[in-house]
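K.L.:
Have a look at this one.
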Amino acid sequence: MSRSSAASWLTATAFALLSVSIRATAAPAPQPAAPTMPLPPPPAMDAGAYVLLDYQTGQVLAQKDADERLPMASLTKLMTAYIVFSALKAGQLTLDTPVPISDAAWRTGGSRMFINPGTQIPVLDLLKGMIVESGNDATVALAQKVGGTRAGFVQMMNEYAQRLGLKSTHYQDVDGLPMPEHYTTARDLATLTWHLIHDFPQYYFIFKIKKFTWDHIAQRNRVTLLWTDPSVDGLKTGHTKAAGYCLIASAERKGMRVISVVLHAPSWDARLSDSEALLNYGFNNFETEKVATAGAPVLKPRIYESAAGYAAVGASRTLYITVPRGRAASLNTSAALTRKELVAPLAAGSVVGQLTITDGGGQVVGREPLVTLEAVPAGGLITRAMDGVRLWFK
């Protein structure tokens, strides 16, 4: 074999081996994604209206006639509690503040704590009587203490309803006894419950007290799910002939909290079974994933004309996304600046970008602004001049 023939043979052999190697190490052809389980429909229930809400995201997971105006019975006391909690937080009351009991409070009908007129009872005990025992007498006493009169307190209730975004709620009394212009919706009650848990975590413990004794009279909490489901830690029942049987419950399992609102169920047992079915539906079929942590750097872009040169940006709040169970692993996050060039000075909290969350199919399921995590002061004269030139040529 001549030298040129040998060289040609070696070149051809090397090329063949290289081709084999390339074929052997090439990425496999894309395979179709494994099919995901379809999301089952919410359970069939007897309630006239309901809402199931994820606490972390505020996402409605299931609903039926969520915006229908209905009587609310003793669920009214959740707003009474919210206003009393607000007064406690503002320092207008303490849990030990004595509350004088009026004849009007003592004479209030319906569910009672059995307080006596002319006595003084601490705020905490009246809150327990109102929440655990659903005492209308305790409710009126608290309303008179905070609002001066029942009418004054009702005005406060309606003002707070507007502040909290309860668009279809109107209060006419403090305790929930039937009145023609006293109504709410399942969606509004879910919103109010979310605020109770979020705004006043220091007082939420009252809602999970199973039994309260006052004046030698022991009464059990009517949220009997507290005994049958260890994940349930509140909140409130209600019942009148017009409102039917109502129940708001909240439960937490493995770091996920959901809120169920059941209105106008036909019986005591129905409101319990409907509430438990809703809670189980939420936990069994959804999961909540944390996709951003408040204050954690996401990007560190160049900041022109700044002393540091670069600055961390991230989300100002912790962001959660709720998706059907099994799909959290497919969530993707991407961060991008909304300005081509960032120039100092920038105040802390300046919006400079956006975090986008997509599911496995590429659909956007969440967005969150990206902000400067600290103030970015301007640099010295030379730094500003040099960066000004750089920006000129960009």
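K.L.:
Could you size up the charge dipole of the chain around its Cα centre, putting +1 on the beta carbon of Lys and Arg and -1 on that of Asp and Glu, and report it in debye to the nearest 20?
P.N.:
Roughly 1200 debye for the chain.
K.L.:
Highest GNM mean-square fluctuation, the chain, Cα pairs closer than 10 Å: which of R112, R325, R253?
P.N.:
Its mean-square fluctuation being the largest, the pick is R253.
K.L.:
Less than 15 Å Cβ to Cβ from M256, Lys/Arg counted +1 and Asp/Glu -1: what total charge do the surrounding residues give?
P.N.:
Overall, the nearby charge balance is 0.
K.L.:
Label 7 Å along Cα→Cβ of Q202; segment 66-99 residues with amide nitrogen under 16 Å?
P.N.:
82-97
K.L.:
Using only Cα atoms, find the angle between the long axis of helix 3-25 and the longest principal axis of the chain, and express it within 0 to 90 degrees, rounded to the nearest 10.
P.N.:
0 degrees
K.L.:
While we're on this one: Between L381 and K211, what is the label-to-label distance in nm when each label sits 7 Å out along the Cα-to-Cβ direction?
P.N.:
8.1 nm
K.L.:
I'd like to know how segment 49-287 sits against the 2.2 N^0.38 Å rule of thumb: what's its Cα Rg over that expected value?
P.N.:
0.94
K.L.:
Taking 0.36 nm per residue of separation and subtracting the Cα-Cα distance, what length does fully extending A336 through D96 add?
P.N.:
Length gained, A336 through D96: 81.2 nm.
K.L.:
Give the calculated FRET efficiency between S86 and Y310 to the nearest 0.05, with a Förster radius of 56 Å applied to their Cβ-Cβ distance.
P.N.:
The pair S86/Y310 has a calculated efficiency of 0.85.
K.L.:
Using a Gaussian network model of the chain with C-alpha springs under 10 Å, which one of L164, L263, L142 is most mobile by mean-square fluctuation?
P.N.:
In the Gaussian network model the winner is L164.
K.L.:
Give, rounded to the nearest 20 debye, the magnitude of the charge dipole that segment 293-392 has about its Cα centre when Lys and Arg contribute +1 at Cβ and Asp and Glu contribute -1 at Cβ.
P.N.:
The dipole magnitude comes to about 180 debye.
K.L.:
Here is a further query. Going highest first, how would you order 88-95, 143-150 by mean Cβ packing within 10 Å?
P.N.:
Numbers: 88-95: 13.1, 143-150: 18.5.
Ranked by mean Cβ neighbours within 10 Å, highest first: 143-150, 88-95.
K.L.:
Follow-up. Between D46, D67, D269, find the one with the highest GNM mean-square fluctuation for the chain; connect C-alpha pairs within less than 10 Å.
P.N.:
In this elastic network of the chain, the residue with the biggest mean-square fluctuation among D46, D67, D269 is D269.
K.L.:
Evaluate the distance, in nm, between pseudo-label points positioned 7 Å from the Cα of R317 and of V343 along their respective Cα→Cβ axes.
P.N.:
3.2 nm
K.L.:
Okay, moving on. Where does the longest stretch of the chain lie that holds no GluC sites (Glu not before Pro) found in a DSSP loop with 16 or fewer other Cβ atoms within 10 Å?
P.N.:
Here the longest run is 182-340.
K.L.:
Applying 1/(1 + (r/R0)^6) with R0 = 30 Å to the Cβ-Cβ distance of W392 and V364, what FRET efficiency is obtained, to the nearest 0.05?
P.N.:
Once rounded, the FRET efficiency stands at 0.25.
K.L.:
May I pose another question? Report the percentage of all Cα-Cα pairs in segment 293-392 whose separation exceeds 23 Å, rounded to a whole percent.
P.N.:
Percent of Cα pairs beyond 23 Å in segment 293-392: 36.
K.L.:
Continuing with the same structure: For the residues D96, D274, D199, D359, what sequence is obtained by ranking on other C-beta atoms within 10 Å, fewest first?
P.N.:
With the fewest neighbours first, D96, D274, D199, D359 line up as D96, D199, D359, D274.
K.L.:
If you don't mind, another one. Please work out the ratio of the alpha-carbon Rg of segment 188-282 to 2.2 N^0.38 Å and round it to two decimals.
P.N.:
With N residues counted in segment 188-282, Rg over 2.2 N^0.38 Å equals 1.08.
K.L.:
Sticking with the crude label model, points 7 Å out along Cα→Cβ, report the distance from K300 to R325 in nm, one decimal please.
P.N.:
Here the modelled spin labels are 4.0 nm apart.
K.L.:
Same structure again: Which longest run of the chain has no exposed loop site in it, a site being chymotrypsin sites (Phe, Trp or Tyr not before Pro) in a DSSP loop with at most 15 other beta carbons within 10 Å, and the site itself not part of the run?
P.N.:
For chymotrypsin sites (Phe, Trp or Tyr not before Pro) (loop position, at most 15 other Cβ atoms within 10 Å), the longest site-free span of the chain is 115-392.
K.L.:
Per residue, how big is the convex hull around the C-alpha atoms of segment 91-213? Give it to me in cubic angstrom, could you?
P.N.:
Given the Cα convex hull of segment 91-213, per-residue volume reads 115 Å³.
K.L.:
With viscosity set to 0.692 mPa s at 37 °C, what whole-number translational diffusion coefficient in µm²/s follows for segment 137-190 from Stokes-Einstein and a Kirkwood radius over Cα pairs? Could the numbers behind the result be given before it?
P.N.:
Values: Rh = 11.5 Å.
D = 286 µm²/s.
K.L.:
Further, regarding this structure: If the cut-off is a Cα-Cα distance under 18 Å, which lysines reach K340, setting aside same-chain residues fewer than 8 apart in sequence?
P.N.:
Straight-line reach from K340, under 18 Å: K300, K394.
Every number here is computed from the coordinates shown, using simple stated rules; none is lab data. Worth saying up front: this structure is predicted, and the values here are computed from it rather than measured. Neighbour counts run over all protein chains shown; Cβ positions are idealised from the backbone, glycine included.
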